[in-house]
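Right, one structure below, let's go through it.
Values quoted throughout were computed directly from the atomic coordinates according to the rules given, and no laboratory measurement underlies them. Predicted model, so just to flag it, every value in this text is computed and none were measured. Backbone-built Cβ (ideal geometry, glycine too); neighbour counts: all protein chains shown.
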Amino acid sequence: MMIKKKLKNKFPSELRMDLVSNDWVIIATGRGRRPESFAREKREKEKASSKDCPFCKEDNIKEKVARRDKKDGSWFVIAIPNKYPALSSGRQLTERKEGPNRIMNGFGYHEVIITADHQRPLALFSQKEVEMVIDLYQARYLDLIKKRYIKYISIFHNHGKSAGASVAHPHSQLIAAPVIDPDLRGSLDGAESFYQSQGKCVYCAMLEWELKDGQRIIYQNDKFVVLCPFASQVAFEVRVYPKKHQPYFEKMTEDEKWLFADALGKALNKIYKGLDNPAHNFYIHTAPAGGGDYNHYHWHLNILPKTATWAGFELGAGIEISTIEPEKAAEFLRKAK
Ligand SMILES: [Zn+2]
Ligand SMILES: [Zn+2]
């Protein structure tokens, strides 16, 4: 129904195909909304208070840090086990069948990575501060990757209630699982079939063209590029890619981490300023843990601002409708300061 309506107006929509997943998305600009109109209409004035915050109240954090680091207990960012884990490591990994269905127990690890300040989101961090967070992502990743059964580690960040953050205090999460998530599986398969037919990495091919074309580039430094993907899944989707081919996030060098912090910080800050601190999710897609040849893959970070709610069409058809052209979104974010 949504589509019919959109097609009648004078802003024709278009279908774009994602090179990797081969999924189609719909860019339907509808009433030709101005980029400014995506900013939240009403600011949520009340900042969820720190008084009842479980992370601020986590008073033994200070003790834990003091014991571990043998310092005074002051900390900027810390990883702790999730109190309500989606997966937990208490048991062995077991698998059974029920009729045609396979069932595994919920084996894995679920950690929360918290920054100390209740009020300050990552979007307002300095480059050094973003780097400290990335450092911890990498350290926890490298630790969990060694654990038995672990096949994939997902690192993600939810900001704002509508993006699924149940606690307002800035935090990221890390889930180490014995299976590869289906979304990543789709990307891995897409990247592999492109590699087999074209003999090169699909992401490298895409980046080469994007850097030449320039329309969707928001920011770049020597090693990273921030852009709105050609087939954006949602309005103002932003991705951060290493320019050099690299399947594994965890193999980033100190030098690369510093420039990744610059690129990620800029991306988040431009979304914060341009769209007035919208709720958003970001996650890292990296080649799976524990061996396997994933040289066709190219790790990256996806940021999905929440400027609309999924409706029946998106959920039912699995084709997403993005209401602004990625070129316009990039131009707008490029200028946001
Ligand atoms: Zn707090
Ligand atoms: Zn590549």
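Using the Kirkwood radius built from alpha carbon pairs, what does the Stokes-Einstein equation give as D for region 73-177 at 25 °C and 0.890 mPa s, in µm² per second?
D = 161 µm²/s.
Hey, rough spin-label estimate for K251 and Q215, points 7 angstrom out along Cα→Cβ, what's it come to in nanometres?
3.4
Once the piece of chain linking A86 and Y149 is laid out straight, how much longer is it, given 0.36 nm per residue of separation minus the C-alpha distance between them?
Gain on stretching A86 to Y149: 21.1 nm.
Just to be sure I follow the rule: in region 73-177, considering lysines 8 or more places apart or on different chains, how many pairs have Cα atoms under 24 Å apart?
5
When H280, H110 are ordered from fewest to most other Cβ atoms inside 10 Å of their Cβ, what list results?
By the 10 Å Cβ count, ascending, the order reads H110, H280.
Cut-off 17 Å, label point 7 angstrom out along Cα-to-Cβ of K200: give me the residues of region 241-255 whose amide nitrogen falls inside.
242-247
In debye to the nearest 20, how big a dipole does region 73-177 give about its Cα centre with +1 on each Lys and Arg Cβ and -1 on each Asp and Glu Cβ?
480
Just subtract the alpha-carbon distance of D276 and K243 from 0.36 nm times their residue separation and send over the number in nm, one decimal.
9.0 nm
My understanding is that a pair violates if its Cα-Cα distance is over 21 Å; which of K200/K270; K51/K266; K270/K306; K57/K257 do that in this structure?
Going by Cα-Cα distance, K200/K270; K51/K266; K57/K257 fall outside the 21 Å limit.
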